[in-house]
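Comments concern the structure below.
Since every read-out is calculated from the coordinates, none of them should be taken as a lab result. Note that this is a predicted model, so its numbers are computed, not measured. For neighbour counting, all protein chains shown are included, and Cβ atoms are generated from backbone atoms with ideal geometry for every residue, glycine included.
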Amino acid sequence: MPWQEESSVSQRQHFFNLWESNSHTVTDLCNLFGISRKTGYKWIKRGLEQSKNGFDDRSKRAIYSPIKTQGEMECLIIALRKKYPDWGGRKIKRLLETDGHKKIPAASTITQILKRHGLLESPSSTTKKRIRFEHEYPNSLWQIDFKGHFAMSQKRCHPLTVLDDHSRFNIVLKACGMETRKVVTTALIEAFERYGLPDRMTMDNGSPWGNKMHGRYTKLTVWLMNLGIKVSHSRPYNPQTQGKDERFHRTLKAEVLARQHFINLIDCQKTFDEWREVYNYIRPHEALKLEVPASRYKVSERRYENQIAEFEYCDDSIMRKVNRSGAISYKSQKCFLGEAFSGHWVAIKRTINQNKYEVYYRHQRVAKISLDM
């Protein structure tokens, strides 16, 4: 590789210049230079310091190279704000701490520096304390949704997003041309192969994962159940059920979509990939006490298998095969499940109330039957 003929200092400078030109993603650059992503981000941060000898080899005896003067620190704060124009005092302070700087100003002081240089358009609003609920471990729940589509120079983009509820780690950020089952399935298979399977996924009631006319479940959600993933839908007209993914959409809009226009899906995906790295690995998240999502995420131990495993119901289950119209009958009581279940076997189980039954497809309850007249 041509990079190997350069000095270590010029390699770092070359790496930073390529990153600053937005011609490569961080991942691509790290692969090109044969370094880890952690090292790549360290070089980027050193480049942002704008110091004369920022890329010189540093003594291993000194753990950190603190900013020596107040003026240098202020220049670094301004440089970080220009690089991340939506980040406020708290996030910039945390980034400086992560980089190992000493004598870092308080977040309120950093905010005042930004105001003084005209880098804050309006005073920061007081953050209200909110009760936050999150699942206690990664991959317990993934939230999935399409961000509202927007125009490009060529056609429109429909961003597909998947967020881990526990860590806020972005699993999928895909620039899609359509909101179809095939598009979503392809994106999810890529995610499952990379991150494994979640225990459950939640989504709204629209297509392609909800169907108000032909039953709540679709072929996409039945496919997820076949993989052993439980499926839940948000309550109608209740977007807060998907609150973390909705918040991710607002951040995506503010930090990416509102700042540039895209030519096509390829151009859009390139920017998405670059920003996703920042969001997961660099950007401090206030809901995580200013940790980054990657610090709380780990790959699922449930591996994706291309073939659907056979499922056996309990011996005492009352079995019914769903007909073409998506319905079953039990004791003259008809129960509509949805056309997505046509041809599949379901189990009817008695509840504590002798006149009420629950219908299960594999591990998931999909309907109830009441024999009360």
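Listed values, structure above:
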| read-out | value |
| --- | --- |
| For the range 172-216, diffusion coefficient by Stokes-Einstein and Kirkwood Rh (Cα), 37 °C, 0.692 mPa s, µm²/s | 276 µm²/s |
| Rounded to whole Å, sorted largest first: equivalent-ellipsoid semi-axes of the range 263-346, Cα gyration tensor | 45, 20, 15 |
| Whichever lysines have a C-alpha closer than 17 Å to that of Lys174, once near sequence neighbours (fewer than 8 apart) are set aside | Lys147, Lys155, Lys182, Lys253, Lys270 |
| Listed pairs Lys42/Lys298; Lys38/Lys244; Lys334/Lys356; Lys321/Lys368; Lys42/Lys91 exceeding 20 Å between Cα atoms | Lys42/Lys298; Lys38/Lys244 |
| Long-range HN-HN contacts of Ile171 with modeled amide H, under 5 Å | Val162, Leu163, Asp164 |
| Lys289 versus Glu134: modelled label distance in nm, points set 7 Å from Cα along the beta carbon direction | 1.0 nm |
| Using a Förster distance of 41 Å, the FRET efficiency for Thr186-Asp316 (Cβ separation, nearest 0.05) | 0.55 |
| Segments 91-100, 182-191, 137-146 sorted - mean Cβ within 10 Å per residue, highest first | 137-146, 91-100, 182-191 |
| For Trp275, Trp43, order by how many other beta-carbon atoms lie within 10 Å, fewest first | Trp275, Trp43 |
| Ranked by how many other beta carbons lie within 10 Å on average, peptides 168-180, 259-271 from highest | 168-180, 259-271 |
| Calculated SAXS-style log₁₀ I(q)/I(0) at q = 0.09, 0.17 Å⁻¹ - the range 142-296, Debye, Cα scatterers | -0.28, -1.04 |
| Distance from the range 311-373 to the range 176-190 (C-alpha centre basis), Å | 30 Å |
| For Arg362, net neighbour charge (Lys/Arg +1, Asp/Glu -1) across residues whose Cβ lies under 12 Å away | 0 |
| 0 to 90° range, to nearest 10: angle between helix 89-98 axis and the chain longest Cα axis | 80 degrees |
| Likely footprinting exposure, Ser300, Ser153, fewest C-beta neighbours within 10 Å first | Ser153, Ser300 |
| Tilt relative to the chain, helix 265-281 - C-alpha long axis, 0 to 90 degrees, to 10 | 80 degrees |
| Unit charges on C-beta of K, R, D, E only; dipole of the range 297-373, Debye | 240 debye |
| Total charge dipole magnitude, the chain, about the Cα centre, Cβ charges on Lys, Arg, Asp, Glu only, Debye to nearest 20 | 1060 debye |
| Under the Karplus curve 6.51 cos²θ - 1.76 cosθ + 1.60, θ = phi - 60°, whole-Hz ³J(HN,Hα) for the range 307-319, x wherever Gly or Pro sits | 9, 6, 6, 5, 10, 10, 7, 4, 4, 8, 6, 8, 9 |
| Per-pair calculated FRET efficiency, R0 = 25 Å: Val9 and Lys103 via Cβ, rounded to 0.05 | 0.45 |
| Relative frequency of Cα-Cα separations exceeding 25 Å in the chain, percent | 64 percent |
| Amide H contacts under 5 Å for His285, placed H, 5+ residues apart | Leu290, Glu291, Val292 |
